[in-house]
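The values are calculated or read from the model by the stated rules, or taken from the named source; none is laboratory data. Every value quoted in this text rests on a predicted model; they were computed, and no experiment measured them. For neighbour counting, all protein chains shown are included, and Cβ atoms are generated from backbone atoms with ideal geometry for every residue, glycine included.
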There are 2 protein chains.
Amino acid sequence: MKPLSPTDQLFLWLEKRQQPMHVGGLQLFSFPEGAPDDYVAQLADQLRTQHGVTRPFDQRLSYKLGQPMWVEDEHLDLEHHFRFEALPTPGRIRELLSFVSAEHSHLMDRERPMWEVHLIEGLKDRQFALYTKIHHSLMDGVTGMRMVTRMLSEDPNEMGLPPIWALPHRQRTGRDENAPSLWRSVAHLLGSSGKQLGTVPTVAKELLKTINQARKDPAYDSIFHAPRSVLNQKITGSRRFAAQSYCLTRIKAVCQAYGTTVNDVVTAMCATALRTYLMNQDALPEKPLIAFVPVSLHRDGSAEGNQVGVILANLHTDENDPSQRLMNIHHGMQEAKDRYNHMSPEEILNYTALTLAPAAFHLLTGMAPNWQTFNVVISNVPGPSSPRYWNGAKLEGMYPVSIVLDRLALNMTLTSYNGQVEFGLVGCRRTLPSLQRMLDYLEDALTELEAAAGL
Amino acid sequence: MKPLSPTDQLFLWLEKRQQPMHVGGLQLFSFPEGAPDDYVAQLADQLRTQHGVTRPFDQRLSYKLGQPMWVEDEHLDLEHHFRFEALPTPGRIRELLSFVSAEHSHLMDRERPMWEVHLIEGLKDRQFALYTKIHHSLMDGVTGMRMVTRMLSEDPNEMGLPPIWALPHRQRTGRDENAPSLWRSVAHLLGSSGKQLGTVPTVAKELLKTINQARKDPAYDSIFHAPRSVLNQKITGSRRFAAQSYCLTRIKAVCQAYGTTVNDVVTAMCATALRTYLMNQDALPEKPLIAFVPVSLHRDGSAEGNQVGVILANLHTDENDPSQRLMNIHHGMQEAKDRYNHMSPEEILNYTALTLAPAAFHLLTGMAPNWQTFNVVISNVPGPSSPRYWNGAKLEGMYPVSIVLDRLALNMTLTSYNGQVEFGLVGCRRTLPSLQRMLDYLEDALTELEAAAGL
């Protein structure tokens, strides 16, 4: 029996029927060489026998004197958590994304350990997929991604690899306290009162006071300038998930031509795609969109190792020229990193907290403040750079499926794998119609940059 | 724009994440003669073009001055409501039931018209299925079943039959005000205060007073005698759906042998199956289980046509002998009907309301009273007696998928179709493990009665 941390309690507290608080991941595999046609059904039969469920997958919620605790589920019903499912004809990626969109919209049962693994057959070209869904209070996305990687092997001949819920226990699992997290910052803002979420109105009042002071302070003035946009409406309960791989070699060639980082280029791709998407809806704000981008800050000589910060990246969606947009983003990111280099850890924490304050205020009170600090979350989590296998099946792609929130109707999470950049976009399906078109716009954005550089 | 009735508001108000308030139906079809292998995919393509959504399927919730209203959804996204899906290998009825169990557990999006139709391919033996899910505030189960029947034809050659959401509008659609309904009785109990559900505590207090008076009244004493059982625990959010067809000819032969009605025999089958199920869990109460059975009361010479009443059927689960159990049930049902024959409509309404009072009190307050009037709902809704077709595809079976509630963890709803009695059992998966075994126990119960009658 272990009490939930204030951050983890926050995920329970923020969850509503139109705002589920689980994260997910989609993995695409090809059949091992020489596998029979009913390979996936055989795999399902094997997985159904994997009853040795390890931490934290055996933990369910329980309340003791009003305090939420994790306790072991003594009646764990694997059939509820592991599900074997199939795509309808013709079994394209489109049907897969549509399946994940629907599943990602559903709340999980709080009486049971809050995770599900869906093994999906019926994909064309001898492929299959795993969609894993875990409540954010049980595990964050970065940890989830790491566990998914731990499940895999670099050796196509290694067999007997268990599924994620039966991984042998490691000394240091659970969440990485240094990973970038919007949530930990929100919990930091709540401070010690985070433990008593009943006092939220008081906390929110304090928060509002801090924000109003900061807005008057010229040093922080620049962070309250995100425009209003359709991305920042109330959300509904249905989701659209869109995902695609883009070739890292192409992106690196663009980096070299412009003298930028990979992160600059993918951020510019997102910026251009968002610009096209909003222009087609006649909904592009005059002022540039601002993205919330968690970054790792390598501070030389620092004993703490990686510090984590948040960059409010100006996406320059008001700029017409794609190359200029990339260069502007590059300079903006560079400036932000330089600014961090001159800040103390204390100042970084304060700065991060302030960028989050309006969003936190809204999440806590349901009231929409008159200002916002960002429009969209663009998060990039590194993944394995060489091929991975699961019991002989080659991993072809892996895509994050994150969370959207009221007033943050779109989340763009990226990862990298074996020479690919993997984009996973999640949006509120009602607020952001035809989100899947963004995949084409991302491709167009890359092609434009290549063309402008003469590649 | 139309305000919701007090009864319909109740379904919104009672809904929680572990207690979704939608009803469903599962229809099993066989391919038309000579249909191609990709018949279901072609059907899906046709259905995707059926954008002419008719009442009430185009209605979504909206609030005006705090009052819930039905308004037309002007941005109806058919892709959200109509879903083409597939069963995993080997595509047996077992995989179909498992699919429906999972889907029936999910809450619907309140921002949209609250219905979904799932077209399911991948069944063995050239079959396919439709699972239709409708929020109880939009349509009750009986009306839903009728609309599903209206969708079908007696003629295997009739083509161009629209799906349920595009049926031409009829003069008298919506709910049948004479249909048996636990819910209408609950709304009746709430009386005029039903309109202001904010005053529920007051209503609950009044209700409690009425119940306590009735318990002292010898005339009503008999209705407060249902035992405690595992069927009457708090429920969780996950469901198990089990369904099967039983041959009406066999059931009728048993009726003839014992001189009972079809309804007596199916009630006895339910009783025996429940008895076996609970005995295997070492959880059979000493006192007999009581079932809530809505019945139509044909009153000769009455101008009102069908009156509706509720029988609290003693299931005689304390009786060891199956034939004796059937005869006891038969006599009990007969007595209850005779009693109704001597009651005025006013008295019937009062009696019905009282049988429901403890359940209503619990639903409204969340407090578990010390007494209950019934343990399980057994509902029998008549269906078509001759074969039906949908654009040439023969309907092989149709099964109701109903609602379970806190302290009513099992619902057994039956219908009839073309020489079959169709059982649809829905239960809380956690409270009632391995509910699917009830299907075998129902079959055993019928076989036992046949054997005892020398059939």
Which residue pairs have Cβ atoms closer than 8 Å, lie 6 or more positions apart in sequence or on different chains, and pair a first residue in segment B:420-431 that is within 14 Å of chain A (Cβ to nearest Cβ) with a second residue that is surrounded by fewer than 24 Cβ atoms within 10 Å (Cβ to Cβ) and charged (D, E, K, R)? B:Arg429/A:Asp77; B:Arg430/A:Asp77; B:Arg430/A:Glu111; B:Arg430/A:Arg112; B:Thr431/B:Lys234
Identify all residues within segment A:368-393 that are more than 24 Å from A:Val293 (Cα to Cα) and either surrounded by 21 or more Cβ atoms within 10 Å (Cβ to Cβ) or not polar (S, T, N, Q) (or both); write none if there are none. A:Pro387, A:Arg388, A:Tyr389, A:Trp390, A:Gly392, A:Ala393
Hits in segment B:109-118 - residues which are touching a strand residue (DSSP E or B) at 6+ places or on another chain (Cβ under 9 Å) and at the interface with chain A (Cβ under 8 Å from one of its Cβ atoms): B:Arg110, B:Glu111, B:Arg112
Within segment B:298-316, restricting attention to residues that are over 14 Å from B:Val266 (Cβ atoms) and within 19 Å of the chain's Cα centre (by Cα), which residue is modelled with the lowest pLDDT? B:Val308
Considering each residue of segment B:349-371, count those that are in contact with a helix residue (DSSP H, G or I) (Cβ under 6 Å, 6 or more places away or on another chain) and within 12 Å of B:Ile311 (Cβ to Cβ), and give that number. 2
Scan segment A:137-148 and tell me whether some residue there is facing chain B (nearest Cβ under 8 Å) and closer than 21 Å to A:Gln19 by Cβ. no
On the basis of being within 25 Å of the chain's Cα centre (by Cα), in a loop (DSSP other than H, G, I, E, B) and either aromatic (Phe, Trp, Tyr) or within 16 Å of B:Ser137 (Cβ to Cβ) (or both), does B:Arg60 make the cut? no
Before we move on, is B:Ser229 of a type in the set (Gly, Ala, Ser) and closer than 28 Å to B:Thr365 by Cβ? yes
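Within the bounds of segment A:361-371, is there any residue that is modelled with pLDDT of 80 or more and over 17 Å from the mean Cα position of the chain (by Cα)?
The answer is no, given that none of the residues of segment A:361-371 is modelled with pLDDT of 80 or more and over 17 Å from the mean Cα position of the chain (by Cα).
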Quickly run through segment B:119-130 and pick out the residues that are out of contact with any Lys or Arg (no Cβ under 8 Å at 6 or more places or on another chain) and away from every other protein chain (no Cβ under 12 Å). B:Asp125, B:Arg126, B:Gln127, B:Ala129, B:Leu130
Residue that is farther than 26 Å from A:Arg94 by Cβ, touching a residue at least 40 places away in the same chain (Cβ under 8 Å), buried (at least 18 other Cβ atoms within 10 Å of the Cβ) and aromatic (Phe, Trp, Tyr), where the choices are B:Phe57, B:Phe84, B:Phe11: B:Phe11
Please identify the pairs in which a residue from segment B:114-131 that is assigned by TED's automatic domain parsing to the domain that holds B:Ala35 and surrounded by fewer than 22 Cβ atoms within 10 Å (Cβ to Cβ) has its Cβ atom under 6 Å from the Cβ atom of a residue that is at pLDDT 95 or above and acidic (Asp, Glu), counting only partners at least 6 apart or on another chain. B:His118/B:Glu85
Going by the conditions given, is A:His104 more than 10 Å from chain B (Cβ to nearest Cβ) and out of contact with any helix residue (DSSP H, G or I) (no Cβ under 6 Å at 6 or more places or on another chain)? yes
Among (1) closer than 20 Å to B:His118 by Cα; (2) touching a residue at least 12 places away in the same chain (Cβ under 8 Å); (3) not β-branched (Val, Ile, Thr), B:Gln18 falls short only on (1)
For segment B:46-62, which residues satisfy the criterion of being within 14 Å of chain A (Cβ to nearest Cβ) and of a type in the set (A, V, I, L, M)? B:Leu47, B:Leu61
Within segment B:213-253, restricting to residues that are small (Gly, Ala, Ser) and outside any loop (DSSP other than H, G, I, E, B), the one that is farthest from B:Glu103 (Cα to Cα) is B:Ala214
Taking segment A:13-37 as the region of interest, how many residues are out of contact with any Lys or Arg (no Cβ under 8 Å at 6 or more places or on another chain) and among the hydrophobic types (A, V, I, L, M, F, W, C)? 5
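Being surrounded by 15 or more Cβ atoms within 10 Å (Cβ to Cβ), on the phi < 0 side of the Ramachandran plot and more than 14 Å from chain A (Cβ to nearest Cβ) narrows it down to one residue among B:Arg250, B:Arg240; which is it?
Criteria check complete, one pass: B:Arg250.
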In segment A:77-97, which residues are within 8 Å of another protein chain (Cβ to nearest Cβ) and part of a strand (DSSP E or B)? A:Arg83, A:Phe84, A:Glu85, A:Ala86
Which ones in segment A:103-144 are within 23 Å of A:Trp70 (Cβ to Cβ) and not in a loop (DSSP other than H, G, I, E, B)? A:Trp115, A:Glu116, A:Val117, A:Thr132, A:Lys133, A:Ile134, A:His135, A:Gly141, A:Val142, A:Thr143, A:Gly144
Looking for something among the small types (Gly, Ala, Ser), within 13 Å of chain B (Cβ to nearest Cβ) and not in a strand (DSSP E or B) - is there at least one such residue anywhere in segment A:30-45? yes
Can you tell me which condition A:Glu450 does not meet? The list is (1) surrounded by fewer than 22 Cβ atoms within 10 Å (Cβ to Cβ); (2) at pLDDT 95 or above; (3) in contact with a Ser or Thr (Cβ under 6 Å, 6 or more places away or on another chain), and all the others hold. (3)
